[in-house]
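In what follows, a single structure is set out as structure tokens and then discussed.
All of the numbers you see were taken from the coordinates with simple rules; none came from a lab. What you are looking at is a predicted structure, and each value in this text was computed from that prediction instead of being measured. Cβ atoms come from the backbone with ideal geometry, glycine included; neighbour counts cover every protein chain shown.
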Amino acid sequence: MMEDLRWLGICWSEGPDCGGAYGSYSQSERRARYLEAWRRLRDGGFIYPCHCSRKDLAHSTSAPNDTDDEPLYPGTCRARKDAAEFTEPAGVNWRFRIPEGEQVEFADLNLGQQRYVAGNDFGDFLVWRRDDVPAYQLAVVVDDAAMRITEVVRGADLLKSTARQLLLMRALGHVAPDYFHCELVRDSAGVRLAKRHDALSIRHLRECGMTAEEVLKMAGWP
Ligand SMILES: [Zn+2]
């Protein structure tokens with residue numbers, strides 16, 4: 001991705017390849033920060049260990065209302081009180097206990113006012129995985145805060161995740177950044193681009209001999 005972006009003429013002032021004041025920029029080197037957040041969430045009673053297997057969840061959950069998203073967790077392990085007995089997160093999944101029924105609202109800088117209902121639009125979500133890596137939601141919240149991010153620009157497929165991340169930020173005492181969610185790029189039939197659209201990937205277009213200027217023009221770059 002970095003190679004392709006550079007080829008397009010898009011540059012950055014911080015990153016895994018050029019360093020910066022808020023490194024490391026590789027999540028694999030930021031484990032201590034994620035662990036500290038896990039401890040704070042555990043101590044604050046915001047998370048609980050969950051032993052449910054993927055198979056358990058497949059049997060009991062209501063169907064997610066959109067196919068991109070994780071299914072609503074049915075709350076099987078929610079009442080567990082043994083979080084304090086764990087000194088390390090490894091070996092079990094950890095979930096965030098969402099405030100059931102709370103409306104999470106934010107003003108997206110591109111798409112306007114957004115509102116999601118905890119327990120309806122999303123359930124108790126993963127913050128740490130059984131295989132001992134922080135889940136996306138936790139890692140991104142910890143990184144945004146530590147790197148003093150003020151504005152997040154990303155795809156509209158993450159709108160609902162923003163609601164989850166706002167709850168996590170509040171639990172950790174972080175100030176939320178502003179969000180600008182972009183409409184997803186779609187093909188001529190209106191289907192969002194995915195791996196099967198590889199014919200339209202930057203790398204492929206480049207290999208076919210298109211110039212960076214031609215690719216930007218095709219993408220509607222001003
Ligand atoms: Zn469980």
For the chain, take the longest principal axis of its alpha carbons; what is the angle in degrees between that and the long axis of helix 159-172, to the nearest 10 within 0 to 90?
50
Give, rounded to the nearest 20 debye, the magnitude of the charge dipole that the stretch 109-222 has about its Cα centre when Lys and Arg contribute +1 at Cβ and Asp and Glu contribute -1 at Cβ.
180
Treating only the Cβ of Lys, Arg, Asp and Glu as charged (+1, +1, -1, -1), what charge dipole size does the chain show about its Cα centre? Round to the nearest 20 debye.
540
Nearest 10, in degrees from 0 to 90: the angle of helix 136-146 to the longest Cα principal axis of the chain is 80
By counting other Cβ atoms within 10 Å of each Cβ, how are 125, 180 ranked from fewest to most?
180, 125
For 202, 98, 47, 10, order by how many other beta-carbon atoms lie within 10 Å, fewest first:
10, 202, 98, 47
Residue by residue through the stretch 118-128, what is 3J(HN,Hα) from phi via Karplus (6.51 cos²θ - 1.76 cosθ + 1.60, θ = phi - 60°)? Round to whole Hz and write x for glycine and proline.
4, x, 10, 7, 7, x, 4, 9, 6, 10, 8
What are the aspartates and glutamates whose alpha-carbon lies under 16 Å from the alpha-carbon of residue 81, with same-chain residues fewer than 8 places away excluded?
43, 124
Describe numerically, in nm with one decimal, the distance between label points set 7 Å from Cα along Cα→Cβ at residue 80 and at residue 218.
4.9
Using only helices, what value at 222 nm comes out for the chain when you add -39,500 (n - 2.57) per DSSP H run of length 4 or more and divide by the total residues, to the nearest 500 deg cm²/dmol?
-8500 deg cm²/dmol
Nonlocal amide H pairs with residue 108, under 5 Å, H built at 1.01 Å
113, 114
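Rounded to the nearest 0.05, what FRET efficiency do residue 199 and residue 55 give with R0 = 30 Å and r taken as the Cβ-Cβ distance? Could you check? Working shown, then result.
Numbers: r = 37 Å, r/R0 = 1.22.
So, using R0 = 30 Å, E works out to roughly 0.25.
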In order over the stretch 202-207: 3J(HN,Hα) from phi, Karplus 6.51/-1.76/1.60, θ = phi - 60°, whole Hz, x for each Gly or Pro, gives 4, 4, 5, 4, 5, 5
Top positive-direction residue, dipole computed over the stretch 8-120 with Cβ charges, set 91, 106, 37:
91
What is the distance, in nm, between label points placed 7 Å from the Cα along the Cα-to-Cβ direction at residue 8 and at residue 103?
3.7
Along the charge dipole of the chain, pointing to its positive end and built from +1/-1 on Cβ of Lys, Arg, Asp and Glu, which listed residue (165, 199, 147) has its Cα farthest out?
165
Suppose every Lys and Arg Cβ carries +1 and every Asp and Glu Cβ carries -1, with no other charges. What dipole size does the stretch 81-135 come out with about its Cα centre, to the nearest 20 debye?
60
Are there cysteines in the chain with no other Cys C-beta under 4.7 Å, and if so, which?
11, 18, 52, 182, 208
